[in-house]
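Participant: Pasting a structure here, questions to come.
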Amino acid sequence: MEKNILNNSIDRSWIEKWEPPFIISGPCSAESEQQIIETAKRLDPAYVQVFRAGIWKPRTKPNNFEGVGKEGLQWLKNVKRNTEFMVATEIANSEHVELALSFDIDVLWIGARSTSSPFIIQEIADALEGEKDKIILVKNPIHPDIELWIGALERLFRKGVRKLGIIHRGFYTYKASKYRNQPNWNLLSKFRRFFPRIPVICDPSHICGNKEGILEIAKIAYHYFKYDGLMIESHCNPDRAWSDSQQQITPEKLLELLKKLMDSYHPYPSKNGNKKYQIQNNLDSLRIFIDELDENLISILSERMKISKQLGSLKRESDISILQPNRWGDILNKSIKLGKSLGLSEEFLEGVFKLLHKESINIQKKIE
C-alpha cells in the first residue's frame, strides 16, 4: 500500500477535537467494579479523556491473574455511563472485538504480542471490517520491526478502519537496562517520517516498568518529539494491584505529573523565533538518540567484561596463558573489516578494540 494513501485517509478527528496532550489512564487490569469506579472517580476529566482497563490479560506464563473477562466490560460501560470519560480496553482476537463492540467500548487497542502476529491482526481486522466509529490503537510489536507495525495498520485500513493511531510502549531488549522496554526513539522518529498524520500515543508505564521514570519519558515524548498523547496506568491502590503494581500510580499522582508536564512545556514561540527553536529542538532530539545509544553501549560493554571474567577463571583453572595473540589478531581484523563496511575508520576501530582488549586482559589478571 502506498504510504501517502494511508496517511491521507487517516481520520484524525477523534484526537484533534481535544487540547493536547490526549490522555488515556486507568488500571492495568480491571479487578473489581469497586476498584474501577473508584479509580475513575478520582481521575480529573479536565486532564484525562479516556479511562482504560485491561479485561483480558494473558500472561507470559499460566497460573497468574489473566483478567476478569466479559464481566469487566459491564464495569467499563458503567464508567462511561456515570462519568465524562470514553472507555478503552485491549483486544486480542475476534471474540474480544465482538464483545467489546457489544458493550459500546469507545477505544480498542491491540497489544504488542498481537501486533507481532499477522494472523492475529488479520483476524481482528476481519472482525472490525467497516467499523467507522471506534478508535483503534496499535501498540508496537515486541521487537523493533517497523514493517510488522505498518503491516498491522494496513490490514486494518484495508477493512475500512479509519480512526487509527499507534501506541509506543517500547521494545524488548536482551540486555540489562533501566527500562522495562527500550524506547528506541530513533525508530519512532523514522516511523513518523513515513506517517506524519497517524496519531502517536506514548505509554511511559510500559517503557519504564516503574513509577519513577514516567515523567522523564512523558517529557521526551511530548516536549521533544511532539507526540499526540500519553497512556499512563493509574490505580486507586497501586501497591495492591493484581498486575504491574510497580508501574501504576494513583490518580492524584497522575494529576500532579500532568501538571508538571504542562508547566514545563514551552510551545513554539513567536514567528521570528521559530527557526531558532526548531534548531534547538533538533539538537535535543539528536542528543536523546545518542544518550540512548550510549546506554546501550555501556550495557553491552558490561556484558562483554563479565564474559572476560569467565574466560579468566577458565584459563586459570586450565593453566592457559591469558594473552592469546592469534585470537586477538583475529578479533581485531574481523572487527576492522566489519566496521569499515559500516563507514567507520580503521584508526577509530583499532583504538576502540585495543582499549577493550587491554581492559579484558586487566580483568583476567585479577582472577584469583
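Bear in mind these aren't lab numbers, they're just calculated from the coordinates by the rules spelled out. All values derive from a computational prediction rather than experimental measurement.
Participant: Which distance in Å, rounded to a whole number, links the C-alpha centroids of the stretch 288-353 and the stretch 230-251?
Facilitator: Taking the Cα centre of each part, the stretch 288-353 and the stretch 230-251 sit 41 Å apart.
Participant: Output the pairs from Lys57/Lys178; Lys306/Lys358; Lys77/Lys211; Lys337/Lys365; Lys134/Lys159; Lys41/Lys80 with a Cα-Cα distance over 20 Å in this structure; if there are none, say none. Could you put the intermediate results ahead of the total?
Facilitator: Details: Lys57/Lys178 25 Å; Lys306/Lys358 14 Å; Lys77/Lys211 28 Å; Lys337/Lys365 29 Å; Lys134/Lys159 13 Å; Lys41/Lys80 11 Å.
Pairs exceeding 20 Å: Lys57/Lys178; Lys77/Lys211; Lys337/Lys365.
Participant: Which lysines have a Cα less than 20 Å from the Cα of Lys226, not counting those fewer than 8 places away in the same chain?
Facilitator: Candidates past the 8-residue exclusion: Lys17, Lys139, Lys163, Lys190, Lys259, Lys260, Lys271, Lys275, Lys276.
Participant: Sticking with this one: In whole Hz, what ³J(HN,Hα) sequence does the stretch 219-236 give by Karplus (6.51, -1.76, 1.60; θ = phi - 60°), x for Gly and Pro?
Facilitator: Values, residue by residue: 5, 4, 5, 8, 6, 8, 9, 6, 4, 6, x, 9, 10, 10, 6, 9, 8, 5 Hz.
Participant: Here are labelled values, (1) 1.16; (2) 1.00; (3) 0.91, and one is the computed Cα Rg over 2.2 N^0.38 Å for what I pasted. Which one?
Facilitator: The value matching this structure is (1).
Participant: So which aspartates and glutamates pass the test for Lys340, namely a Cα distance under 14 Å, with those fewer than 8 places away in the same chain ruled out?
Facilitator: Glu350
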